[in-house]
Amino acid sequence: MNKLSDEILNKYIDGDLDYSSLQHVNEVLASSHEDQKKLNALLALHNELKKIKEEQVADSFTELLMKRLQYRKKAFKEQRNFVLMISSIFITAILVVVGLVVYSALHQPSDSQISTSYSNYIISFFQSAATAITQIFSSKGISVFGSILSLGILISGYFFFENLKASKQNFSK
Amino acid sequence: MRNLTDLEIIASVNRGNQADYAIIIDRYKNKAFSLVKRMLKNEMEAEEVLQDCFLKAYNALNSFKQDAKFSTWFYRIVYNTTLSKLSAKKRKFENEMSSLEDHFNLESNYDFRVTENIDLSSFVNVMLEKLPSNYSSVLNLFYLNEMSCEEISEVMNISVANVKVMLHRSRNALLDLIIKNDLMREVS
């Protein structure tokens, strides 16, 4: 009959026993043939487990993976360039609108032309700018502006979707 | 040429030398594949999952804190990705994880009788494929990847005590099967 539990034997193999427990186990092992046999069996299994086979992936694994990484990097670059391009178009459009506002504010005939003081000039400039913005975003202006913006978003969205689709196709190759 | 350490390779990849990542892949692919395959028990799926793991690790390389070992960090990604795959397949792996305190009876669930001449080594490899995923993971990480119980606990996100319990139970279950199939004649 075994005097040592499975847990103790496992701890013995893993070197997890303290000094006094280790001495006790050694004493029991010296006197118990059953325990010695069980320990030998466990040790044999332990040694077999150390030799378990390493599974092999396909030879082309690394090559395929590196290709996927390259595609991904390329797709990321393409997407970034596309987003940059769209952003620059929108920024340019905004700058044009701002430029128009400033231009119309500077060239609008008002009382400020009569005024010579600097503060009056600033105030009249902002008043003119506000008028120009109001004109642009008036009920007629806002619909034109909204239409252009929606069209821009639709077109860029379409190209962005196509770009993503192409990247995905490349990626899955 | 001297062998570069993992950290040196990662630093190089982070500097923009993407090709150096192939060294990391070659270094870990087979051991990681063994783990994934033994968890999923399906070669094709295992290879797909492993590719995803390497891609995930590559994307997260910048966030890798160098106070931990790369292997532990990487195997954690591998283990978690495989777990996600398993849960997607509804294999109730989480039940297995929480069943540590339940009655563990590998013998009845995985009764394996040797009908032909099989040696101990082949038997152990076959049984590893049949073990529940979490038990085969512990054995794989401990013996094949030569990780300590502390490292395994980090990878699997369980306590060191639980790792040891799982390790002991897996060994005992395997041993019972070996004795039952009279394979110990080889070593006695």
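Per residue of A:126-133, what is the mean number of Cβ atoms on other protein chains within 10 angstrom of that residue's Cβ?
0
If you add up the charges near A:Val28, with Lys and Arg at +1 and Asp and Glu at -1, over every other residue whose beta carbon is less than 9 angstrom from its beta carbon, what do you get?
Spelling it out: positives minus negatives among the neighbours equals -1.
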**Asked** What average count of beta carbons from other chains do you get within 10 Å of the Cβ of residues in B:137-143?
**Response** 2
**Request:** Please order B:Glu48, B:Glu150 by the number of other Cβ within 10 Å, starting at the fewest.
**Result:** B:Glu150, B:Glu48
**Fill in**
Convex hull around the C-alpha positions of the stretch A:23-83: the volume in Å³ per residue is 144 Å³
**Prompt:** Picking from B:Ser34, A:Ser87, B:Ala161, whose Cα lies most toward the positive end of the charge dipole for the protein assembly as shown (charges on Cβ: Lys, Arg +1; Asp, Glu -1)?
**Reply:** A:Ser87
**Complete:** Exposure-ranked with fewest Cβ neighbours within 10 Å first, B:Thr82, B:Thr5, A:Thr131, A:Thr62 stand as B:Thr5, A:Thr131, A:Thr62, B:Thr82
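Looking at the square roots a ≥ b ≥ c of the eigenvalues of the Cα gyration tensor of the stretch B:31-76, which shape do they give, rounded for a/c under 1.5, prolate if a/b is larger than b/c, or oblate?
The shape class here is oblate.
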**Request:** Mind grabbing the base-10 log of I(q)/I(0) for the stretch A:1-107 at q = 0.12, 0.19 Å⁻¹? Debye formula, identical points on the C-alpha positions, no solvent, two decimal places.
**Result:** -0.70, -0.99
**Item:** chain A: calculated mean residue ellipticity at 222 nm from DSSP helix runs of at least 4, using -39500 (n - 2.57)
**Value:** -28500 deg cm²/dmol
**Message:** Quick check on the exposure proxy: order B:Arg171, B:Arg27 from fewest to most C-beta atoms within 10 angstrom.
**Reply:** B:Arg27, B:Arg171
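Can you pull the mean other chain C-beta count within 10 Å for peptide A:36-49?
5
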**Asked** Using all Cα-Cα distances in the protein assembly as shown, what percent lands in each 20 angstrom bin from 0 up to the longest?
**Response** 21, 36, 20, 13, 7, 1
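Coordinate-derived values only; no laboratory data. Being a predicted model, the structure only gives us computed values, none of them experimental. In this analysis, Cβ positions are derived from the backbone assuming ideal geometry, glycine residues included, and neighbour counts consider all displayed protein chains.
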